[in-house]
Amino acid sequence: MPPTVADVFREYAEHETERWSALTTALLLGAADDWDAGGITRTVLEPYAEDPSGSALPLRFAAALHRLVLTGRAPERPHRPAVPDQRGGPRRRPARRAGRGGRPDRRAVRLLEIGASAGLNLSIDRFRIGDVWGPPHSPCRLPDPGFELDLPDIRIVERAGCDRAPLDPRGVPVVWHSIVRRYVDPQEWRQVEQLTARPGVWRVSFEHDADDSPHGAVPLRLFGPGTDPEGDVLAYGNGHGPPLSPA
């Protein structure tokens, strides 16, 4: 017998990476119980009961509820009292332009993220990663990646999420995305790949392979001038990032 929606939700809730969030775990388990009881969860999710496991239905469900909270459409917000009433689009941080003239500075990075969500990844240069990279006194510390990082002294001169503005050729465009491809129509994603396959543009991808389950190892791939057409695999991680293992 194929797994029910409740089975899929419980599998996600009991997976190690999801247990990092007590709120998400409680939400998914509660939704599974409500499905079994024939509640509103069953009414809402019945049309998606046959979705493949790789479609991440539990995470899409949680994201939809979070959007109701952010847009003020949820009548009550008992678990998220600190969430502001946001009705705007993607946030954009003020730009800092690279210097004029001369060849492009390879350390000057214009960081553009597809599917930026809350925009946390756009502040990667402000995080401390173990004891190997980032500002030593950063208040945001991530686990040690498990291997030595040989990263240059980069300088992020502009950062934007889902930015439609024209690219500035004075910096090196870097487009990156993490666990977002499964939510985008395949035809639209091919357009993303075509638009980013341009000279001087680098793309960093942290996405499951097409035939992988959501809980499989996730490759970190680099696309750009001189790389493999399928991307150079730099490391592997789980759906939430670290710890990473070398490729």
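The values are calculated or read from the model by the stated rules, or taken from the named source; none is laboratory data. Every value quoted in this text rests on a predicted model; they were computed, and no experiment measured them. Cβ: placed from backbone, ideal geometry, glycine included. Neighbour counts: every protein chain shown.
General remarks:
- Failed condition for R87, given (1) modelled with pLDDT of 75 or more; (2) outside any helix (DSSP H, G or I); (3) touching a Ser or Thr at 6+ places or on another chain (Cβ under 7 Å): (1)
- Filter pass, D7 being among the acidic types (D, E) and within 23 Å of N238 (Cα to Cα): yes
- Flag for S21 being among the hydroxyl-bearing types (S, T, Y), within 14 Å of G239 (Cβ to Cβ), out of contact with any Asp or Glu (no Cβ under 6 Å at 6 or more places or on another chain) and in contact (Cβ under 8 Å) with a residue 12 or more places away in the chain: no
One line per residue, one yes/no per condition, for (1) assigned to a helix (DSSP H, G or I); (2) surrounded by fewer than 15 Cβ atoms within 10 Å (Cβ to Cβ); (3) polar (S, T, N, Q); (4) within 23 Å of the chain's Cα centre (by Cα):
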residue	(1), (2), (3), (4)
A6	yes, no, no, no
Y12	yes, no, no, yes
T24	yes, no, yes, yes
D34	yes, no, no, no
T41	yes, no, yes, no
E46	yes, yes, no, no
F61	yes, no, no, yes
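- Residue under evaluation A98, criteria (1) modelled with pLDDT under 80; (2) under 25 Å from P242 (Cα atoms); (3) small (G, A, S), criterion not met: (2)
- For segment 154-191, the set of residues classified as outside any loop (DSSP other than H, G, I, E, B), crowded, with 17+ Cβ neighbours inside 10 Å and either modelled with pLDDT of 85 or more or hydroxyl-bearing (S, T, Y) (or both) consists of V157, E158, V174, V175, W176, H177, S178, R181, W189, listed by residue number.
- Long-range neighbours under 7 Å by Cβ, at least six apart or interchain, first residue closer than 20 Å to E158 by Cα within segment 116-140, second acidic (D, E): N121/E113; L122/E113
- The single residue among G130, G146, G119 that is at pLDDT below 80 and farther than 19 Å from R221 by Cβ turns out to be G119.
- Restricted to segment 63-84, and to residues there that are in a loop (DSSP other than H, G, I, E, B) and charged (D, E, K, R), the residue that is modelled with the highest pLDDT is R73.
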